[in-house]
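Have a look at the structure below before the remarks.
Every number here is computed from the coordinates shown, using simple stated rules; none is lab data. Quick caveat, the model's predicted, so the values are computed rather than measured. With ideal geometry, Cβ positions are generated from the backbone for all residues, glycine too; neighbour counts draw on all protein chains shown.
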Amino acid sequence: MSRFLTSFAASSVLVASFVHAQTPAALSIYLPAEPLVKEAVINSPLMDMARSKKNAGTARAQSIDAGAAEFTLRSTIQRRQDALLNAQLHESMLSIERPIRMWGKRGLDAQLSKQTQAFVDIEYADAMHEGTRELMRHWFSYLRTLVDDKIAQTQLDLALKMRRLTQVQFKQGEISLLDEQLAIAEYERINAARMVVRAQLQSTSSVFAHRYPSVKLPLDLPEPLGASGRSILPALHESMSVMRQEFLEKNHELNMMRIDAKRLQLVAERASKDRMPDPTVGVFTARERSGAEAISGVLFSFPLAGPAREAHSNAALAEAQAASDKVRLAEQQLGASFDNMWIQFQSKRDAAQGLQLAWKTQAQAAEKTLKAFALGEGNLSQVLMTTRFASENLSAAEHMNLETLELLALIRLDLHQMWDFDE
């Protein structure tokens, strides 16, 4: 009996390891190596797409700076019929002309080009950041199934030993047939649950391996960092308001909106300037009367503005205002989102400590009922119930520890305190 009573104590390695690992200095132990993460994210299809978009955006910014105006080459060939001379005279004209950006439009286009390039750069950085967040989500999904698998294996080992013990006790006449059948049924139930967990582990492992082939998944959890097993869950020492402000300053999504609002403001200013059309100037040369006359001169044209230009300007101004309003809305929403994450971390940190204590208490109760049953006291139903409760509390404590660890990692990631691969 004493051999399998240690199963619950062995399970404490899982809880203790996560409890100790959640100190900031030890967080990296439960995460993949940073160089491997960077390699996996950079070489992912997501970043290939982001690089293509960045190249397209850079080319678009260059085109804005260059302007849409182009040289126009015109050529005219005509035949003149002179009735007095009774002759046909061949004539031709060649001209080259181009619109000229005036009224400060060239300077605005240069600023608009810089803002477009800035938007492209931060969009690429945001794709990199989202790639790391996605990898982290898949990583912790695997860790959760790995924890479930370890707990299921521990439960199965205990159920198998209990089954063998009851078989011996039944043969010796110490327990009834019903108790032996209960032990067999419990073993089969736990074995079926373990098969489901093992399938889930293989599934999440396969998904991760296909998405990130360069990152090797751990086959087991890291060793605990301390021998005491005391709860040393981390605390966020900075206030929520200070961390929220840092989050809002570094958030890529919000910064993209801010840059886009500035860009649309420049677009509105550019559209306002476009109320005054650009003139077109050029030069021409003509050959008339079969070369008897040569003409050269300067071309000048100026469009007469219509109501469409004013409407376009008003629409651009409204769009710029909408973008500014969107920034303010996003600041509120993202600020609330960070507050929720911060509060969730604090509450789950406290809950993890409570669940760990509940598991230890229930594990002690399970050990007592096991010892009592081994001595011929109590009944098997009570043993199975207490051991099941202990296993459920262990699973709850493990998952809460993992959720706390994941929240800590996400907060640090969003604050650019880890895996900061912005280029």
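Pairs from the table (K171/K360; K114/K216; K53/K348; K150/K371; K53/K250; K53/K105) lying more than 29 angstrom apart at Cα are K171/K360; K114/K216; K53/K348. Against the main long axis of the alpha-carbon atoms of the chain, helix 45-66 sits at an angle near 20°. Taking R0 as 35 Å, what FRET efficiency do you get between Q153 and Q417 from their Cβ-Cβ distance, rounded to the nearest 0.05? Once the sixth-power term is evaluated, E becomes 0.50.
Entry for the stretch 250-355 at q = 0.11, 0.14, 0.23 Å⁻¹: log10 I(q)/I(0) = -0.64, -0.78, -1.12, Debye formula applied to identical alpha-carbon scatterers, no solvent contribution.
Label-to-label distance for S239 and S337 is 2.5 nm, based on points extended 7 Å past Cα in the beta-carbon direction. In plain terms, if you count all Cα to Cα distances in the stretch 2-414 and split them into 10 Å steps from zero, the share in each step is 4, 14, 17, 15, 12, 10, 8, 6, 5, 4, 2, 1, 1, 0, 0 percent.
In the chain, Cα pairs under 8 Å separated by at least six residues give a relative contact order of 26 percent. Rounded to the nearest 10 degrees, the inclination of helix 2-21 to the longest alpha-carbon principal axis of the chain is 30 degrees. Over the Cα atoms of the stretch 97-234, the radius of gyration divided by the Kirkwood radius equals 1.42; this is the Rg/Rh ratio.
Rg and Dmax over the alpha-carbon atoms of the stretch 41-170 stand at 36.9, 136 Å.
Simple spin-label estimate for A286 and K216 gives 8.3 nm between the two label positions (7 Å along the Cα-to-Cβ direction from each Cα).
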